[in-house]
1. In the stretch 258-296, what count of residues is obtained for those that are in contact with a helix residue (DSSP H, G or I) (Cβ under 6 Å, 6 or more places away or on another chain) and in contact (Cβ under 8 Å) with a residue 60 or more places away in the chain?
2. Restricting to the stretch 102-130, name every residue that is assigned to a loop (DSSP other than H, G, I, E, B), of a type outside the set (S, T, N, Q) and in contact with a Leu (Cβ under 9 Å, 6 or more places away or on another chain).
3. For the subset of the stretch 87-101 comprising residues that are within 22 Å of the chain's Cα centre (by Cα) and in a helix (DSSP H, G or I), which member is farthest from ALA47 (Cα to Cα)?
4. What single numbered condition from (1) out of contact with any Gly (no Cβ under 8 Å at 6 or more places or on another chain); (2) in contact (Cβ under 8 Å) with a residue 60 or more places away in the chain; (3) part of a helix (DSSP H, G or I) fails to hold for VAL133?
5. Anything in the stretch 156-170 that is β-branched (Val, Ile, Thr) and over 16 Å from ALA228 (Cβ atoms)? List them, or say none.
6. Looking at SER245, is it touching a residue at least 24 places away in the same chain (Cβ under 8 Å), closer than 30 Å to PRO360 by Cβ and of a type in the set (Gly, Ala, Ser)?
7. Can you give me the number of residues within the stretch 44-90 that are farther than 15 Å from TRP115 by Cβ and either β-branched (Val, Ile, Thr) or touching a Cys at 6+ places or on another chain (Cβ under 7 Å) (or both)?
Amino acid sequence: MTPATSDPARPRPASAAPLSDSVLDELAATIAAGTTVAGLGESTRFARETFIARDQLFRRLAREHGFRALVLQDHAVVAAALDRYVTTGEGTAGSALDNAFRPWQTVEMATALEWIREFNQDNPHDLIRIFAVKPAQPQPADYDAILDYVRQSAPGQLVELASHLEPIRTAHQTDEHVQRARGIHPGRPFAAHAHDALTIIEALSGPSRESILERMRLIVRYHENSVAGKGSHAGDADVWADTISAYQHRTRARVAYWDGIAHTAASPVVLGLEPERGPRPTTGSVLRQHHGSRYVSVAIGFHHGDLGVAVAPNPGADLIDTKLDQPDQPNRWLDLRSDDMRRLWDGPAKARVISGVYDPSRDSREYMAVASLTAAFDVLVHLHEITPTQWLP
């Protein structure tokens, strides 16, 4: 392959994968058989080994099995930048990730994008494309444009406007619900700040007001529809799954969907941190309704290890991650779709889930529960120990 443009200032991860080439080849062939959409889910987004296992699987799905689309949990503007990089080589992988969902801003993700770019250079008439499950969201430039407009047209309102916009733009680096969990949230709901900022803009007049109002309304919608704004992920599953299905039906491409297992699971899940909410639909469960067995749900989990910001201890005895861990086979995978495997593994199950709000002191509650393991996941990949991903500079 012709080398893609990369950023020489950042380190590159080692190439060794946690699973052997032969195992990855066999696993990719198993996932690809009869599949239209493959949900490749991780139990955490902060582990190098789970990311590389998924990346290596995707490379084989693309190279050997004709997968030509990668869908990410991000929004349309970011996905467009990533797609431009992998299809045209515009900028670098690192610069394309500048405004991406924070867990994607890693050396490992940049390396994955560089591989896609190289593949596309070698296959200019059979490109891998990237798209997102979320609609367009505001960018830092939108906040700047609004502040500049008020600075020029109504400077007396600038201090008040900035007092609303400056705190809430931090949600684009660290989600509001994550700020609350970490104890760094300033207190007032970001949606309330956004509405107050909109009121200021609506009272103004002058050239370009309508375009500034549209930017401000986009910011309001973003904060209203965030996890913190809604109080949960409720409502996302249908929208995200419809986006994936619409793309697949329109293009007829085989699609790989990268996300956490609480989103890719093919059946509803109960989160250990909020059991009172009961089972909630997942993107994967809606995709299963749309595509039947042509949607394949893969869970990539681990036993213990360093996440960078915290260390995940050995999982509790009631978690599937403990049952999967075998001293003589630390890294393994299982296809749960045969009758024999269903008899062995079916039934209620809990799997560890480590998100941006993970706290080791409550590790026993950091899980997702499903009524049937084999309904939720078709394939399980288990890794014994993980190390942290590398953040981009």
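1. Keep residues of the stretch 258-296 that are in contact with a helix residue (DSSP H, G or I) (Cβ under 6 Å, 6 or more places away or on another chain), which gives 263-269, 272-273, 281-284, 286-287, 290, 295-296.
From the residues that got through so far, the ones that are in contact (Cβ under 8 Å) with a residue 60 or more places away in the chain too are 263-269, 272-273, 283-284, 287, 295-296.
Qualifying residue count for the region: 14.
2. Taking the stretch 102-130 and keeping what is assigned to a loop (DSSP other than H, G, I, E, B), we get 105, 123-128.
Next cut, of a type outside the set (S, T, N, Q) only: 124-128.
Passing the criteria: only ILE128.
3. Once the filter is applied, the top-ranked residue is THR87.
4. Of (1) out of contact with any Gly (no Cβ under 8 Å at 6 or more places or on another chain); (2) in contact (Cβ under 8 Å) with a residue 60 or more places away in the chain; (3) part of a helix (DSSP H, G or I), only one is false for VAL133: (3).
5. First pass over the stretch 156-170, keeping only residues β-branched (Val, Ile, Thr): 159, 168, 170.
Selection gives VAL159 alone.
6. On the way: touching a residue at least 24 places away in the same chain (Cβ under 8 Å): yes; closer than 30 Å to PRO360 by Cβ: no; of a type in the set (Gly, Ala, Ser): yes.
No: the conditions fail for SER245.
7. 6
A quick yes/no check of all residues on (1) in contact (Cβ under 8 Å) with a residue 40 or more places away in the chain; (2) within 20 Å of the chain's Cα centre (by Cα):
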site	(1), (2)
PRO313	yes, no
LEU324	yes, no
ASP346	no, no
MET368	yes, yes
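The values are calculated or read from the model by the stated rules, or taken from the named source; none is laboratory data. In this text the structure is predicted, and so the values were computed from the model without any measurement. Don't worry about glycine lacking a Cβ; one is built from the backbone with ideal geometry, like all the others, and counts go over all protein chains shown.
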